[in-house]
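Worksheet: the structure to be examined is printed underneath.
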Amino acid sequence: MPGLSALKPACMIESIYYVISWLCHRQCPHCYEERFHPYQGAELAGVAGEARNNFERIIDHFPEHMRYRVPEATAASGEVPERIGRIILSGGEVLLPQICEPVLYPAIERIIEKYRRTGGVKVVVQTTGDLITAKIVDELLQRGVWMISVSGMDDFHEGFDEQRRNKLTGKLTEIFEKAGMHRSGLHAKDRKWHEEAGPVFSFFGATADAWIGRIWPRGRAWNNDLSKATLADNFCNAWSGGLNFLNVGEAGSEVSIEPNGNVYPCCMKTKFPIGNLLEEPLMEILRSLIGHPIYEAIAMGHPERMGVRYGWSPANFVERSRTVTPAGRPYQNLCIGCDRFHEEVARPLLAELRRERLARRASASGKAA
């Protein structure tokens, strides 16, 4: 493998959070996405088929390489270090038999091969944990997985009281350590994973000390009136929440991708996607948004400023962030204002940006021909 200094100088992105399937064996009340649940019959075939049919093209539209710069670690000489980014493969539950071997394993292999000659990539598999076996861990590590992250360690996950969580954590720790893995020394909300050598494992959940602990106003969590977030809880101004997602080539840049190829600037997702990887490369989508007032505001962690150019003052945005929960409780959070702004203002702007990108691609293709 060539050294980083021998590779192309342009950097790309730190992290991609790729939900490869909606299929899950649980239907947890706090889930941010209603589409994560068990499926049967034709619906199961459709959900599994979507994941299987789309993952190759989605991965092909990932960046050319997964290197990024870390300006905060600049040396006295002025040299800015580079790190290898990561791709997080998640669900749903990616270890279910309808997804594991038909989609997850070949996706890992395709990703590892894609970046083999451009510095590599750190592949993370995120799972609820209760389907993990020693055999599966061995198969993941053989394919080059760098981290296995167990996400179901909280009171909300179905059937997981503290006693069962502790029992599962102990069992999995034994499996992981026997396979030669070591436990991550970093908290789940700390993104500085590049400081650890793999293979590593971790445990996390929607607990009070985690950034998702206030519960996003999304999906079943919203319908079940579980979000405790207030106006003071700015989910946008956090890792995986949109902050720095447009810092292309530098630390902090991350996007979220759905099984159908839709791309979002945050894990809880804006009302509408910023593009789709079945039709466009990821970096073309991101570069088209650099300098755009709506998405620069998200990237700066100030969603209340996304509508300034369009007649939505920050004060107006905050006011539009008020609503009432399904249970009739007064509620106010910036995610609500973001949803309303996208419904009323951003949707046609996103459509126009998409048309412009596709037109440039068609023009470039015509010239090449």
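The values are calculated or read from the model by the stated rules, or taken from the named source; none is laboratory data. Fair warning: this is a prediction, and the values are worked out from it, not measured in the lab. So basically every Cβ, Gly included, is an ideal-geometry build from the backbone, and we count neighbours across all protein chains shown. Note: areas computed on protein heavy atoms with side chains; ligands, DNA, RNA excluded. Shrake-Rupley method; radii C 1.70, N 1.55, O 1.52, S 1.80 Å.
Descriptive notes on the structure:
- Cα centre as origin, Lys/Arg/Asp/Glu Cβ charges: the range 105-153 dipole, Debye: 300
- Solvent-accessible area of the chain (1.4 angstrom probe, protein heavy atoms only): carbon and sulfur portion equals 51 percent.
- Amide H within-cut-off set for ARG86, under 5 Å, with H built and near neighbours excluded: SER15, ILE16, LYS122
- Note on the chain: with charges restricted to the Cβ of Lys and Arg (+1) and Asp and Glu (-1), its dipole about the Cα centre is near 580 debye.
- TRP146 - accessible surface, heavy atoms, 1.4 Å probe, Å² rounded to 10: 30
- Dividing the summed -39500 (n - 2.57) terms of all DSSP H runs of n ≥ 4 by the residue count of the chain sets its mean residue ellipticity at 222 nm at -9000 deg cm²/dmol.
- Beta bridges per DSSP with both ends in the chain, % antiparallel, nearest 5: 30
- Taken per residue, the accessible surface of the chain reaches 43 Å², heavy atoms only and a 1.4 Å probe.
- Net charge dipole, the range 305-369: roughly 320 debye, given to the nearest 20, about the Cα centre with Cβ charges of +1 for Lys and Arg and -1 for Asp and Glu.
- Solvent-accessible surface (1.4 angstrom probe) belonging to PHE62, in square angstrom, nearest 10: 10
- Taking a sphere under 12 Å around the Cβ of TRP146 and counting the other residues whose Cβ falls inside, with K and R at +1 and D and E at -1, yields a net charge of +2.
- Label corresponding to percent of Cα pairs over 35 Å apart when calculated from the structure given, among [x] 61; [y] 42; [z] 23: [z]
- Short-range pairs are left out: with C-alpha atoms under 8 Å and at least six residues apart, the relative contact order of the range 254-362 is 19 percent.
- For LYS171, a cut-off of 16 angstrom between C-alpha atoms picks up these aspartates and glutamates, skipping any fewer than 8 places away in its own chain: ASP130, ASP138, ASP161, GLU162.
- Anchor LYS228: aspartates and glutamates whose Cα lies under 20 Å away (excluding residues fewer than 8 positions away in-chain): GLU33, GLU34, ASP154, ASP155, GLU158, ASP209, GLU304, GLU319, ASP339
- Tensor-based shape of the range 5-92 (alpha-carbon gyration tensor, a/c under 1.5 rounded, otherwise prolate or oblate): oblate
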